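Derivation of every value follows stated rules applied to the coordinates shown; laboratory data play no part. Keep in mind that this is a model prediction, so the values were computed, not measured. Quick reminder, even Gly has a Cβ in these numbers, built from the backbone with ideal geometry, and neighbours come from all protein chains shown.
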Amino acid sequence: MSEDDRVDRTRLDASGGKVLRVEVAPTGMRDSKVQIISRNEGLIEGNTDIEFVAGSIFATLDRSKNIFRWDTEARKFVIDNRFLLSIDAPDATSFLSPINDSSFWALTVSSDDRRLGLFSRQADGTWRVEEDPYRRLNRFRLFLRHSEPNGDVWITGEKLVRFRPTTNVAAPRPFPTVVRQVNAGQRVVFGGASVA
């Protein structure tokens, strides 16, 4: 059985500081196996969010300085901070939000700061994060994000926001500057010159 088959037939649900893992049997729910995942499986207590990104199951928790990934061989959550946008604050909380197989959002918020980034899989299989095009969104309280194929981003939260990130923006054209006079105190150092 491939990893994808196992993930498709395994469902995780987070509630009450624990994760419920259901291995769905081919014959249906009656024959399925249920496991409550908690501290014994490497998961700290707290409000938990579970997402499938970058080919793995990740858990994020309120006020945790770490992100956890489900290790299928060890059958437990292990710390994996490669997608963490860290903020040095005791109340920082991170979230991951899938878009598709090759990209997902990462968000970390605290009472004083916010970081939002879009992770994209590169041709060599590595992941690259972009934060700069989305910095203007940090002033909003963000909840759900949806990305359109053209790059537009729809966000719910305090308001409904449609955002088009600026990419490859041309540098502003230089404009001519004319210096008419330069003074040093009361003394005129340069009195201007004619422009040909």
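Taking a quarter of the surface of the convex hull around the Cα atoms of the range 84-135, what do you get in nm²?
Working: hull surface 15.4 nm².
Average projection, Cα convex hull of the range 84-135: 3.9 nm².
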So what does the Cα-only Debye profile of the range 3-190 read at q = 0.09, 0.16, 0.17 Å⁻¹, as log10 I(q)/I(0), no solvent term? -0.45, -1.07, -1.17
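Which of 56, 64 comes first, and how do the rest follow, when ranked by fewest Cβ neighbours within 10 Å?
Details: 56 15, 64 18.
Fewest to most other Cβ atoms nearby, the residues stand as 56, 64.
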